[in-house]
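Got a structure here, written out as C-alpha cells. Questions coming.
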C-alpha cells in the first residue's frame, strides 16, 4: 500500500511539473503574440547584434521584441550626441541620436557647434557660428557603431570645411560670396558621406544644408552656460567657475579665456582709432570702403577720417595736460541771449554793407 502511495505521489508531481511547463510555454506564446515586434520605421530604427557578433540594421523579419538583449544599447551614449549652441543665451547643450531603449533617430537634426575663429586669405580674422542640418542614413546606419565619438568628429569636420572655404577668399569677398561658401561646405560634407570626396571617414549620415553667420574680429563669448548631459554614464561633481562643486544635473557657467584679436593694438581698446593708428589689416579693410565709390562718397569718407583724427589729437592733448578743452556752454557761448543778439546784429550789418568793386 505504501508503494502505491509513493507511485501516485510521483505521478502527481510529474503531472504538475508538466502542466507548469505547458503553462509557461503558453504564457510565452501569448506574450509574443500580444507584444508587437519592433519594425524599422521612418522616424527611428535599431541595430541588432547577431550571435556571431555582427551588427546589422533591424529588418521586419527579425521578430525582435522591446528590451531584447540583441539590441545594441550604446551604453556610452556620448558617442552619438552632437552640440547645439544658442547664441542668444551663450548656452551649449547636446542632443542625442539614440534613446535609452536603443532606438536610433532618423529625423532631421540641426547641429550648431560653438563659435570659432577663421582667417581670410588677406589675414582678417572673423568669428564664425555654423549650423548644419543632417539625418542618419538608414542604409548606412551601421557606420554609427564604429564611431568613437560622433559629435567631435562631425564638429571638427564642420570647422575644417568652413575654415577652408573662408581662407580661400579675401575679406571683401565674404559678404558677396556668403551663399557660395554655404554651398561649397554643403557639397564637401555631403561628398565625404557619399564617397565623392576621398578625404574623411563616413559618419553614416545625409547632409542637407550648411549655414553660417560671422562677425569681424575674434568676438568669441567670454563665458558659456553648459547644459547637463543626460546621456553621461557617470554622475561626477562639476567644478564651476568660482571653484564650488555643483551637481552634474544643473547648468554650469564656465568662464572662457579671452581671445585677443589677431594683431590687436592697445590703442584699439581705449578709443576709436584715427588714421595714423590703423594697423595693416585695418588699412586693408579701410581701402575696401573706397572701392567702387563715387568721388562724393570718397570725399565724405576722407572728411570723416580727418574729423576723427582731429578728435583723437584733442583727446590725447587733454589727457596729457597739454590742452584744456572747454565746451561752448562752459564758456558762456551757448544759451547767452545777449551774445546771440550781438552776433545776430553783426551778421545783419555785414549783410547790409554795399558790395565794392
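For the stretch 78-92, state whether one or more residues are assigned to a strand (DSSP E or B), at pLDDT 85 or above and within 14 Å of residue 141 (Cα to Cα).
We begin by selecting, within the stretch 78-92, every residue assigned to a strand (DSSP E or B); these are 81-86, 91-92.
Narrowing further to those that are at pLDDT 85 or above: 81-86, 91-92.
The next check asks that each one be within 14 Å of residue 141 (Cα to Cα); those that pass are none.
No.
Could you run through the stretch 101-116 and say how many residues are crowded, with 19+ Cβ neighbours inside 10 Å, touching a residue at least 60 places away in the same chain (Cβ under 8 Å) and in a strand (DSSP E or B)?
Qualifying residue count, the stretch 101-116: 1.
Residue-wise test of (1) buried (at least 18 other Cβ atoms within 10 Å of the Cβ); (2) out of contact with any strand residue (DSSP E or B) (no Cβ under 9 Å at 6 or more places or on another chain); (3) part of a helix (DSSP H, G or I).
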site: 151; (1), (2), (3): yes, no, yes
site: 163; (1), (2), (3): no, no, yes
site: 172; (1), (2), (3): no, yes, yes
site: 207; (1), (2), (3): yes, no, no
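Using the structure shown, decide if residue 127 is touching a strand residue (DSSP E or B) at 6+ places or on another chain (Cβ under 7 Å), assigned to a strand (DSSP E or B) and surrounded by fewer than 20 Cβ atoms within 10 Å (Cβ to Cβ). Spell out how you get there, then give the answer.
Values: touching a strand residue (DSSP E or B) at 6+ places or on another chain (Cβ under 7 Å): yes; assigned to a strand (DSSP E or B): yes; surrounded by fewer than 20 Cβ atoms within 10 Å (Cβ to Cβ): yes.
So residue 127 fits the description; yes.
Then there's this: So which residues in the stretch 176-202 are out of contact with any helix residue (DSSP H, G or I) (no Cβ under 6 Å at 6 or more places or on another chain), assigned to a loop (DSSP other than H, G, I, E, B) and surrounded by 13 or more Cβ atoms within 10 Å (Cβ to Cβ)?
Result: 177, single match.
Only one of 204, 123 is assigned by TED's automatic domain parsing to the domain that holds residue 94, at positive phi and more than 21 Å from the chain's Cα centre (by Cα). Can you tell me which? So that I can check it myself, show each step before the final result.
Working: 204 fails: more than 21 Å from the chain's Cα centre (by Cα).
Going through 204, 123 in turn, the sole match is 123.
The values are calculated or read from the model by the stated rules, or taken from the named source; none is laboratory data. Model, not experiment: these values are computed from the prediction. Virtual Cβ from ideal backbone geometry, glycine too; neighbours counted across all protein chains shown.
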